[in-house]
Each structure stands twice: as C-alpha cells, then as structure tokens.
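First the structure, in the form of structure tokens, and then the observations on it.
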Amino acid sequence: MEPLRLDDASLPAFLRGCGVLRADEPATVEPAGDGNINWVRRVRTPARSVVVKQARPALERFPEYEAPTERIVCEARYYEIARALDVDRVCPAVLHFDAPHRVLVLEDLGDAPRLAASDVGAAARVARFLAAVHGATAGDASLAARFPNDGMRRLHGDHIFVLPFQPNDFPLAPAVRARVESIWRDGAVAAQATALYERYLAPHGALVHADVQPGNVLVATRGAVLLDAEIAHVGDPAFDLGTLLAHLRLPAVALGEPRTAEPAIDAVRRAYGGSADFEASAERYAAIEMLRRTLGAARVAAVADADAALRVVDFATGRL
C-alpha cells in the first residue's frame, strides 16, 4: 500500500476514519514540537487533543537527508515493549498506530517544559526507566529483527561519531575552529570516536532509545516523559545513559562550574545502578556527545560563546 501523505486539511478525516475522532467531532490542526524528523501535528477538539506523527522518506526539517520510514514502526514497537516495564508511565500513551501509512497517534502532553539539567528528580526517573528496559531486553536475540532501523541509527551515528572529527565547514568561532583543527590533526579523539561508533553499531546488547536528550524529555504533571524513539534499535545500553549524562553535565561545564552538575549525575547513576565498567563506557559516550554538541551540526545554546565552547572541548577531551 502506498502511504497516504497527510496534510492539515486531510488529517481530521483520517483520524475519524480510524476511530481516533468521532464522526461528529470537530477538530483543528496545528504544528507540534520541533518536527525535525517526522511530520508532527497537534489535533484539538473541544474536549481533548492528540499528537500525530507521520514518517516520510525525507526528514521533515532536513529534506536533504532520507531515512527509511520503518523508523516510526520501530518507535511504536519501542513503546509496545516498554509499556509492560513502564510502571511510572515514562513513555507517552499510544492511542493508535497505522503501520501501512506510517502514522502514530500519541497522547498530548501540552506545554510541559523540557528537561532542565538541574531537574534531578526528572533525570533520575528517566534513568530508572532506561535501566528497566535495558535489563529486561538484554541478550534477547529475537529483538534485532524487530528493529530494522539501521538507516536512522547510522544517520544519527555519523553526526555523533564521524562528522565532528573530520574536516568540515560547520560555522564555528575562530578560536573554536582552531581548537577543532588541532583535534583533527592529532587524530586521537577521532580514533576513540571510531572505536565507540563500532560498539554503537553492533546489533546486540539491549533495546535502546538512542536519543535521550532534554529536547525529547517533557516534564509533565506525572513526571518526566521520554518521547521520540525514532532511532530505537538493539545496541549498547551505555549509549543511552551516556547521552543523558552528557546533557546533564554540559551546561555546567560550559559555565566553568562542572561540580554543580554532580547532584544530578549522582542521582542518575544511583537510579540506573550500573557497574563501574558500564559507567566508564557511558562516560566515554558522554564525552563524545558533549563534543558533537559543541563542534558538530547540532550545537546547543550553552556553547554559543567561544569561551564556553572551549571549556566543554577541554573537559570532554580530557575524559577520553
């Protein structure tokens, strides 16, 4: 079946046809969230609202990149598997999934704020959820075939482990450009990133979300809710924890106050409960994530100032 390409005009009728909306229920449609990867809309009725995502061959915000639409099938399966383990309701409720048309309908969390690095309780809640999913799925050889998400995994991985560590034209301040060029010439950081990339790509380990960053965590009334599992795959669980640790630490490091992040870091470690070797692996992933968020295509606001960026680069390279 050729997927129906939804738009704002056709979406209400589609939702009525699949039973999400009643036949007589009026609805309005508006953009929702950042919409970087999928087409995402909020549908409002007089009594409620839902969020609708449709995966298309080209990424929504970056149409120069194409990725298999199976990514939204993998997202729906991630929520399906997680539901039995999600005692705290950290995942959003799935209201409907239309696999042929690549459409996922989720509960709407409204204007809930994104995760702040200082929100210790929310971060720990996410870490407990990750530990539950990783622990329950570790070593399950049947899962890899259910998550054919290699296109998204490699697209994401290239931007983390490859592009920031080879010559590129990303717009950087002169002092930061000089620092990254010295990193390119030295090659040691790139070698470590390559080794971690190989580990990230290995199709075994546990079910990972693969994008546990503040933009994907809403702090709703019930607590932190982890969204956007489009990159979910079977791989290294330390990558999930490392990504979370990176974003909790990066703002404090950028300000020159790394110790202020330690309460959140300690809370996440306790909530997850990993071994010393596991935490060491997560910290290496965290260092690479901090570097790519400073030197790569997806830089964060905390490193807009050159001095802040250099503090992050020095800190992260010192932990590799």
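Here, each number is a calculation from the coordinates, and none is a lab measurement. What you see is a predicted model, and the numbers here were worked out from it, not measured in a lab. All Cβ positions, even for glycine, are placed from backbone atoms using ideal geometry, and neighbour counts span all protein chains on display.
Summary of values
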quantity	calculated
Under Karplus coefficients 6.51, -1.76 and 1.60, residue-wise ³J(HN,Hα) of segment 39-44 in Hz, glycine/proline x	6, 10, 9, 9, 10, 10
Cys91 long-range amide H proximity, modeled H, under 5 Å	Leu226
Highest average packing first - 238-248, 69-79, 148-158, Cβ atoms within 10 Å	238-248, 69-79, 148-158
Relative contact order, percent, the chain [alpha-carbon distance under 8 Å, six or more residues apart]	18 percent
Convex hull projection area averaged over all views, the chain, Cα basis, nm²	16.4 nm²
Mean Cβ count within 10 Å, highest first, over the residues of peptides 114-127, 175-188	114-127, 175-188
Charge-dipole axis of the chain as Lys and Arg at +1 and Asp and Glu at -1 on Cβ define it, positive-most pick from Phe97, Ala84, Val20	Ala84
Volume per residue of the C-alpha convex hull in segment 11-107, rounded to whole Å³	107 Å³
C-alpha long axis of helix 262-272 to longest principal axis of the chain, angle in °	60 degrees
Segment 94-141 - Rg over Rh from alpha carbon coordinates, Kirkwood radius	1.11
Size of charge dipole - the chain - debye, nearest 20, with Cβ of Lys, Arg +1 and Asp, Glu -1, no other charges	280 debye
Relative pair counts by distance (%), Cα atoms of segment 40-166, 5 Å bins	2, 9, 14, 17, 21, 21, 13, 4, 1, 0, 0
Rounded Å value of the spacing that divides the Cα centres of segment 100-141 and segment 193-250	9 Å
Burial order of peptide ranges 305-315, 256-266 (average beta-carbon count within 10 Å, highest first)	305-315, 256-266
Convex hull per residue volume in Å³, alpha carbons only, for segment 158-274	149 Å³
